[in-house]
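Asker: Encoded as structure tokens, here's the structure I'll be asking about.
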Amino acid sequence: MSEDLRQRQQLLKIGTARAGRAPAPLAAPLDALLPPADAQLAEPALWLSLGALDLWERSGFVPLAAAAQPAHATAAPESLRACPPRAETMLALLLRGQHSAGLLSEWLRLLQRHGGHLPARFLPRLLDTATRQPGLRAQLLPVLGERGRWLAPMQAEWSWAAADIDTGEMAWHTGTPEQRLAALCAWRARDPRSARAALAAAWPSEAPEQRAALLPALAVGLGLEDEAFLEAALDDRRKEVRVAAQHLLASLPGSQLGQRMLARVLPLLRLEKPWLGKAHIALTLPQAYHADMRRDGIGTASHPGIGEKAGWVVDMLAAIDPQVWSRQFERTPRDCLALAAHSEFGAVLVRGWALAALHQAQADASPNTSPDALAWPQALARWWIEAGAAQREAVPDMLFDLIGARFFEDAGGASGALLDAFQDKWLQDGAVVQRLHRLLDKSAESWTPALTRRFLRLLQAIRPTLLQPGQPALARLLLPAFARVADPAVAAAAEAEWRASVGASNEWRTPIDNFFDLVRLRHEIILSFQEPA
Amino acid sequence: MTLDANQILALAPDPASAKAGSQLAVAHQWSNLGKSDAALWGECQGSGKTPYKTQIDLNGPAFKCTCPSRKFPCKHGLGLYLLSAADPALFAAAAEPQWVGDWLSSRQARQEKKADNAAAIAQDPAAVAAAAAQVRKREEKREDKVDSGMRELQTWLHDLAREGLAAVRSRGQAMWEGIAARMADAQAAPLGRRLRRAGGLLYQSGLRDADSLVANELASIYLLTQAWQRLGQLPPALQADVRALLGWTVSQDEVLRQPGIEGCWQVLAQTTFDDDRLRVRATWIRGGLEARWALLLQYAIGTQGFEQQLAPGTEFDGELCFYPSAYPLRAQLKRQENTRPLAGLASMPSDLDTLLDSYAGALAVQPFLERHPVLLAGLVPDAADLRIVRDAGGRAIALHPDFRHPLHLLALSGGHPLTLCGEWDGRTLLPLSVWHDGRLLNIDGDFA
């Protein structure tokens, strides 16, 4: 904007009355444009000269010449495959509509399986979405492609997606507490050893609350190499740091803390097989409380409904891999739980084993662990279903989330068997339906066709009841969640039969419609990746 | 020739229809599917007893369906079209059933009647004379009203200049509403809308140099009032522009009576926005022998769709008639057939210098020009300053403050040059679509 135009705009802002002057005459050649009559009066002259100068400038616009600017590197060509066009259309539809985030993460997983990268036009939107929903990041990162990794550093909020190691280390050294924690977790995922070394180097100079905040990052890629560092942290002066270290060691298979706990608890347990009556586990409560027990975290947590000394036993059991007990008693997890049922301290044993199963499952986040790892959680879930309301409290709800996350694997048919167990109770017991919903809701992948067929059969068996007005929770909770995990091809095949059984006027028309709409949409998404690219 | 799924979805009047339509694009929803050279048809079982009969005239494309939906095209039309794009084998070539044939021939008849009507009025001298007398009378009355309105507006602007914008700002929006209402009374409604919008800028937070924008807009309005007072001295074509800016409309029929321009037209950019209670769809198309630009404005009420289907990223053979103007851009579609996806850009994108030259030329003949279409190649979004793009020579071009997707541009470019279609206002560029990897992405819609 020229100085002349700016001054006239300034005059307009102040007003000719207050400024006490008329605008200066226009410079040549524009001066000839103003009619002499108007040029005399301040206000018309101001408006006309503003209009003329604006046009003059717009028609003679000169862009700023190139300043010496650092040339930004261009993005490298993609090494991943392109996204199939129909899948791209489906994504646009998902983003436009009100579909749940679950479908988005399924779409991203399918793209990763296809070996593809996100089309560039969706990158800003999805980086924003995953910034708000960190749960999506694991699915988004593998499909960002070269372009996405090039783009991520451009926005401060997207720094979690920036692959640049230097940026990560910089954040570790100079970032805010949250950024440092995120950087440390990312570093652990890349290189656990050097990340631990960095934490150890900074450890003495960290404030106590910082230590407590940073230590849980070691859960990423936790291994026996970390043990020495964690053992040292058990003697930290801050309680939160000690608790974090105890948790990590308790979930580390083969840790010395686990060995110590086993050494403490083994003398207290005895398998008894009386001639009359059932086999059971006899428990002798520990009598003395030592400083080394406190150091390992015994007696720090509270266990409602369980006495103090029995609580120590729960803490001991919680730090021991439950598979130890299958070996110790030479019984399957299910039979071990049956032993507990006939024991005086059954609730203590179940609670301890359940917490231990949770610890173990949290430590084996990697999907390649043996199917055995799920044997205890599955057995505990079945125990929970069959137990009475008062006993059930021994098993935390979180256990169902863990089973749900790996339910689709159906290792050794265990998932199917668990479904059958659910089915025995779900008509009478609302709590069972809620746990089943939790299990469906947390599923990380589509169920196998066989598992889907099985669940459909179970639903079909109770369909007359399901469709009655008295059973709204069952259909309202389970159908939407099941639509998100069912194998779409199998579920869609059941559509005609289900619809026929519902009829036109039934009040269940809407849930059933929604169920099949969602299933069909998922089916279409899967197909959209299958057509030849 | 059919469109691809993306372009079909762009025809939907709203996102809900797009979603519903794509869910209907499955074979088991349909029966009696068929196609001919001119049309597609099928029957879809809805909630009613008899299936809906849905048909598409492929030439247009134009839709008809027996369902009661007031959306247009309805979900059945979209679903049928999507199904044919996804699975053409489902549609056996067949003779058109009677209900399809009837509709196609009635469409044909209506088009011919449109042409006949125009011709008939032109040929009956008595009717022409009577109509002209009536029009003249109404015209004189309106001109009087506008006259006094313009005088009043000038006085208002003089007062504003005397008091100063800063002093006026404290009086709030009511003052602007007042003058806007006065302009509506004076039958110069478009000026009212511009004044209301200009006043709104003063109270919009986060807008840099609002004062400067308001000053320029008001000065342009002032020039317009002067132009009206000296209308007789202006070239006839520019008179038409001034009248249009003050609210005179030219009827669609009148425009369509003009000689049209034939050619292959490419739909390059589209925006949809609300103006009062109307939904307005502005579409930039380019084509003909001289690679002319044309702006098609369509209006719709509520959720109803627009009458003509123009999807960005398509091209068609057809005829356009331009509204009278010193720099004709706005046009009406007289004939549209053989719509197909865009194979490539027919006209070469220009560089910045050519754009600036043609813009100066345009302002010289039509100084009230609001927006000027551009197709610029070689633009690189600046990673350090998201408000600008740079041309091949590294010169900075500012993006319009209303542009909300600079990061999308950056993502598409990856640091490489882009070809943008948009509007240039003499200082800033408002990107509307991107030509990328052999396809057109319309920012309004394709940038999620």
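Asker: On C-alpha positions alone, give me the angle between the axis of helix B:98-123 and the longest principal axis of chain B, in degrees, nearest 10.
Answerer: Once rounded, the angle reads 40 degrees.
Asker: Let me ask another. In percent, how large is the relative contact order of chain B, given Cα pairs closer than 8 Å and 6 or more residues apart?
Answerer: 13 percent
Asker: Please give every one of the aspartates and glutamates within straight-line cross-link reach of B:LYS71, meaning a C-alpha to C-alpha distance under 16 Å, and leave out same-chain neighbours fewer than 8 residues apart.
Answerer: Candidates past the 8-residue exclusion: B:ASP14, B:GLU307.
Asker: Among B:TRP156, B:GLY172, B:ALA132, whose Cα sits farthest toward the positive end of the charge dipole of the stretch B:131-246 (+1 at Cβ of Lys/Arg, -1 at Cβ of Asp/Glu, about the Cα centre)?
Answerer: Positive-end residue among those listed: B:ALA132.
Asker: What distance in nm separates the two pseudo spin-label positions at B:ARG208 and B:LEU90, each 7 Å out from Cα along the beta-carbon direction?
Answerer: Each label point is offset 7 Å from its Cα along the Cβ direction, giving 5.2 nm.
Asker: Please list, by residue number, everything in the stretch B:374-405 whose backbone N is under 15 Å from a paramagnetic label point 7 Å out along Cα→Cβ of B:ALA291.
Answerer: B:374-378
Asker: Helix-only estimate, please: 222 nm mean residue ellipticity of chain A, summing -39500 (n - 2.57) across DSSP H runs of length 4 or more and dividing by its residues, to the nearest 500.
Answerer: Roughly -18000 deg cm²/dmol at 222 nm, from the helical runs in chain A.
Asker: Over the stretch B:224-379, what is the mean sequence separation of C-alpha contacts under 8 Å (at least six apart), divided by residue count, expressed as relative contact order in percent?
Answerer: Normalised by residue count, the contact order of the stretch B:224-379 is 22 percent.
Asker: Only bridges with both residues in the protein assembly as shown count here: give the DSSP antiparallel percent, nearest 5.
Answerer: The antiparallel fraction comes to roughly 90 percent.
Asker: State whether the stretch A:251-396 is rounded, prolate or oblate according to the following rule on the C-alpha gyration tensor (a ≥ b ≥ c being the square roots of its eigenvalues): a/c under 1.5 gives rounded; otherwise a/b larger than b/c gives prolate, and the remaining case gives oblate.
Answerer: Here the stretch A:251-396 falls in the rounded category.
Asker: With the crude spin-label approximation of a point 7 Å out along Cα→Cβ, what separation in nm comes out for A:GLN460 versus A:LEU224?
Answerer: Here the answer is 5.1 nm between the modelled labels.
Asker: Could you work out which residue, out of B:GLN229, B:GLN308, B:GLN98, moves most in a Gaussian network model of chain B, that is, has the largest mean-square fluctuation with Cα springs under 10 Å?
Answerer: Most flexible of the set in this elastic network: B:GLN98.
Asker: Now for a separate question. Is the stretch A:101-161 best put as rounded, prolate or oblate by its Cα gyration tensor, with a ≥ b ≥ c the root eigenvalues, rounded for a/c under 1.5, and otherwise prolate when a/b is larger than b/c, oblate when not?
Answerer: It comes out oblate by the Cα gyration axes.
Asker: Now for a different question. Once a ≥ b ≥ c are taken as the square roots of the eigenvalues of the Cα gyration tensor of the protein assembly as shown, is the result rounded (a/c under 1.5), prolate (a/b larger than b/c) or oblate (a/b not larger than b/c)?
Answerer: It comes out prolate by the Cα gyration axes.
Asker: Could you give the size of the charge dipole of the stretch B:4-74 about its Cα centre, using +1 on the Cβ of each K and R and -1 on the Cβ of each D and E, expressed in debye and rounded to the nearest 20?
Answerer: Value, rounded to 20: 280 debye.
Asker: Along the Cα-to-Cβ line of B:VAL250, 7 Å from the Cα, sits a label point; which residues in the stretch B:325-369 have backbone N less than 15 Å from it?
Answerer: Once the point is set 7 Å along Cα→Cβ of B:VAL250, B:325-334, B:366 turn out to lie under 15 Å by backbone N, inside the stretch B:325-369.
Asker: Per-residue mean of other chain beta-carbon atoms within 10 angstrom of the beta-carbon, peptide B:216-229?
Answerer: 4
Asker: Which of the lysines could a cross-linker bridge to B:LYS75, judged by Cα under 20 Å and excluding same-chain residues fewer than eight apart?
Answerer: The qualifying lysines are B:LYS19, B:LYS35, B:LYS49, B:LYS53, B:LYS64.
Asker: So how far apart, in nm, are the two label points at A:ALA197 and B:LEU278 if each is 7 Å from Cα heading toward Cβ?
Answerer: 7.1 nm
Asker: Then there's this: Over the stretch B:131-246, what is the mean sequence separation of C-alpha contacts under 8 Å (at least six apart), divided by residue count, expressed as relative contact order in percent?
Answerer: Relative contact order of the stretch B:131-246: 26 percent.
Asker: Moving to a separate point now. Positive end of the charge dipole of chain B (Lys, Arg +1 and Asp, Glu -1 on Cβ, about the Cα centre): tell me which of B:GLY438, B:HIS372, B:CYS67 has its Cα farthest that way.
Answerer: With unit charges placed on the Cβ atoms, the residue in question is B:CYS67.
Asker: Using a Förster radius of 25 Å, what is the FRET efficiency between B:GLN308 and B:HIS400 based on their Cβ-Cβ separation? Nearest 0.05, please.
Answerer: 0.40
Asker: How much FRET efficiency would the formula 1/(1 + (r/R0)^6) give for B:ARG257 and B:ASP353, where r is the Cβ-Cβ distance and R0 is 25 Å, rounded to 0.05?
Answerer: The formula returns an efficiency of 0.05 here.
Asker: Could you give the length gained on full extension between B:ALA38 and B:ARG107, defined as 0.36 nm per residue of separation minus the Cα-Cα distance, in nm?
Answerer: 23.6 nm
Asker: Follow-up. Among A:ALA22, A:LEU337, A:PRO274, which residue has its Cα positioned farthest towards the positive end of the charge dipole of chain A, with +1 placed on the Cβ of Lys and Arg, -1 on the Cβ of Asp and Glu, and the dipole taken about the Cα centre?
Answerer: Working it through, the farthest residue towards the positive pole turns out to be A:PRO274.
Asker: What is the dipole size for the protein assembly as shown, taken about its Cα centre, with +1 at each Lys and Arg Cβ and -1 at each Asp and Glu Cβ, in debye to the nearest 20?
Answerer: Charge dipole of the protein assembly as shown: 1740 debye, to the nearest 20.
Asker: Sticking with this structure for a sec: Which length gain, in nm to one decimal place, applies between A:ASN514 and A:LEU41 when the Cα-Cα distance is subtracted from 0.36 nm times their residue separation?
Answerer: Gain in length upon complete extension: 163.1 nm.
Asker: Under 26 Å Cα to Cα from B:LYS137, which lysines show up? Leave out anything in the same chain fewer than 8 places away.
Answerer: Those lysines meeting the cut-off are B:LYS145.
Asker: Would you mind working out the magnitude of the charge dipole of chain A relative to its Cα centre, with +1 at each Lys and Arg C-beta and -1 at each Asp and Glu C-beta, to the nearest 20 Debye?
Answerer: Roughly 740 debye for chain A.
Here, each number is a calculation from the coordinates, and none is a lab measurement. Quick caveat: nothing in here was measured; it's all calculated off a predicted structure. No Cβ is skipped: glycine too gets one built from the backbone with ideal geometry, and neighbour counts run over all protein chains shown.
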